[in-house]
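Read through the structure below, which is laid out as structure tokens, and then see the notes.
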Amino acid sequence: MIDFHYTESLIPTFEPIDFDMLVHIINKSKHELPRYETIGSSGMDVRANLDAPVEIAPLGRALVKTGLYLEMTPGMECQVRPRSGLALKKGITVLNSPGTIDADYRGEVGVVLVNLSNEIFSVEDGERIAQLVFCKIEQIELKEVNELSNSDRGAGGFGSTGIN
């Protein structure tokens, strides 16, 4: 649930009040904490925390550190997703998209970037490189069986339903 507040200019601001989704964060970077850029944003932009630029060759990849450390409540995950502008304009995306940060991971958040363009890309300190999306998750129990029930789709996959 979101609690909306209005400033004098009537621009809504908001504060999360769902404490089931509380995340503790340590910021060892030189940059501000990730934040939602608009009231409708699903993800928080995360910035590169670098001592020097990192160059990524065409079809190359790099682990880019953020200086951030998370502690999430069990039953949550943080997904690391690409930024659409970097993907469209520069061919830069998150290689293992979405990357998953588990609730019990306590190391530094890193982003695996890949350069799908034909040009070298330089990641600069403070550059917004990905977005963090926090989600509730469920752990399930697997039950091994000898056969599965029938469905209309059956084993059809990989385009079996057509393209139109």
Here the relative contact order (percent) of the chain, from C-alpha pairs under 8 Å and at least 6 apart, is 25 percent
Inter-part gap, Cα centre of segment 26-83 to Cα centre of segment 110-164, in whole angstrom, is 18 Å
The orientation-averaged projected area of the Cα convex hull of the chain, in nm², is 15.1 nm²
Filtering trypsin sites (Lys or Arg not before Pro) in segment 34-88 by DSSP loop and by at most 11 other Cβ atoms within 10 Å leaves ARG35
With a ≥ b ≥ c from the Cα gyration tensor eigenvalues, square-rooted, and the rule rounded for a/c under 1.5, otherwise prolate when a/b > b/c and oblate otherwise, segment 33-81 is prolate
Diffusion coefficient in µm²/s returned for segment 99-164 by Stokes-Einstein, Kirkwood Rh over C-alpha pairs, 4 °C and 1.567 mPa s, is 72 µm²/s
For the pair GLU147 and ASN118, the simple spin-label estimate (label points 7 Å beyond Cα toward Cβ) gives in nm 5.5 nm
Ranked by GNM mean-square fluctuation in the chain (Cα springs under 10 Å), the top entry among ASN146, ASN96, ASN115 is ASN146
Mean-square fluctuation maximum in Gaussian network of the chain, Cα pairs under 10 Å, restricted to ILE39, ILE140, ILE25, hits ILE140
The chain, Gaussian network, Cα under 10 Å: of THR100, THR38, THR66, the residue fluctuating most is THR38
Between SER117 and residues 5 or more places away or on another chain, the pairs with built amide H atoms under 5 Å apart involve LEU59
Fewest-first ordering of GLU77, GLU124 by Cβ atoms within 10 Å yields GLU124, GLU77
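Every number here is computed from the coordinates shown, using simple stated rules; none is lab data. These numbers were taken from a predicted model, which means no experiment stands behind them. As a convention, Cβ positions derive from the backbone with ideal geometry for all residues, glycine included, and neighbour counts pool all protein chains shown.
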